[in-house]
Ligand SMILES: [Zn+2]
Ligand SMILES: [Zn+2]
């Protein structure tokens, strides 16, 4: 049994075959999923999918790429939605230095505001990090994000920083890149970090694991991520799936 902790079944790419995609995930042993909404369009869809399906949950937040679009009303809206019985986290939020739609200062401000909100409503946060590891860790520390904890989603940094994040009550979530031949750091992280701090995810429709790299990703493929972690750690696939699922249930406060 698996828990895909980061899916975008709310993306246009699943418009045509959402139910079939969910069925394929169930058949592959993916019992639980968290659908992440990150703007005005994807948040209502995430909630809708969670409302319509058992064992599917939602996270609501504002993506750093679009930080410049977030208004005070949006923040208030996210706060209201956090009370929804199927919303289990605030995010994704963070910093993305790959795209320059939103200036760095705006991204930082919107990130800080969402951490403050998560602390107010006492919910964990989901962190999106692209080429911004140092600044993210600084902000998490400055804002005392340890108070709520969270997930470093699709973590791609070095093991040392993963350990710093774990000290701040964060989980390390690995996705498709751990299966890529040239992905040195995610493989090191899979080997070095204790399974009790780990989660698995697809971040679908993006970042499909090997041998589906380049195709549309979907939750059923999270088993490939778990298999790779098992191989790197020299333990069984069953152990990886059992422990990461138990971790996710505990983290999100879900009673199975
Ligand atoms: Zn992300
Ligand atoms: Zn995402």
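Look at where the Cα atoms of region 144-178 and of region 180-202 average out, and the two centres are 11 Å apart. Computed from the Cβ-Cβ distance with R0 of 41 Å, the FRET efficiency linking residue 163 to residue 12 stands at 0.65. With neighbours defined as other Cβ atoms within 10 Å of a residue's Cβ, the residues 62, 99, 77 order from fewest to most as 99, 77, 62.
Among 44-53, 165-174, sorting by the average number of other beta carbon atoms lying within 10 angstrom of each residue, highest first, gives 165-174, 44-53. The fewest-to-most ranking of 204, 154 by surrounding Cβ atoms within 10 Å reads 154, 204.
Using a Förster distance of 22 angstrom, determine the FRET efficiency expected from the C-beta separation of residue 235 and residue 1, and round it to 0.05. FRET efficiency, residue 235 to residue 1: 0.85. Here the gap between residue 116 and residue 180, fully extended at 0.36 nm per residue and compared with their Cα-Cα distance, gives a gain of 19.5 nm.
Each residue in 14, 206 was given a count of other beta-carbon atoms within 10 angstrom of its own, and listing them fewest first yields 206, 14. Percent relative contact order of region 128-256, based on C-alpha pairs within less than 8 angstrom and at least six residues apart? Relative contact order here is 19 percent. Packing here is the average count of other Cβ atoms within 10 Å per residue, and on that basis the peptides 7-13, 29-35, 115-121, 190-196, highest first, run 29-35, 7-13, 115-121, 190-196. The label-point distance for residue 194 and residue 39, in a model that sets each label 7 Å from Cα toward Cβ, rounds to 4.0 nm. Based on DSSP H segments of at least four residues, each scored -39500 (n - 2.57), the chain has a per-residue ellipticity at 222 nm of -12500 deg cm²/dmol.
Shape call for region 97-175 from the C-alpha gyration tensor, a ≥ b ≥ c root eigenvalues: rounded (a/c under 1.5), prolate (a/b greater than b/c) or oblate? Oblate.
Values quoted throughout were computed directly from the atomic coordinates according to the rules given, and no laboratory measurement underlies them. None of the values given here were measured: they were computed from a predicted structure. Reconstructed Cβ throughout: ideal geometry from the backbone, glycine too, with neighbour counts over all protein chains shown.
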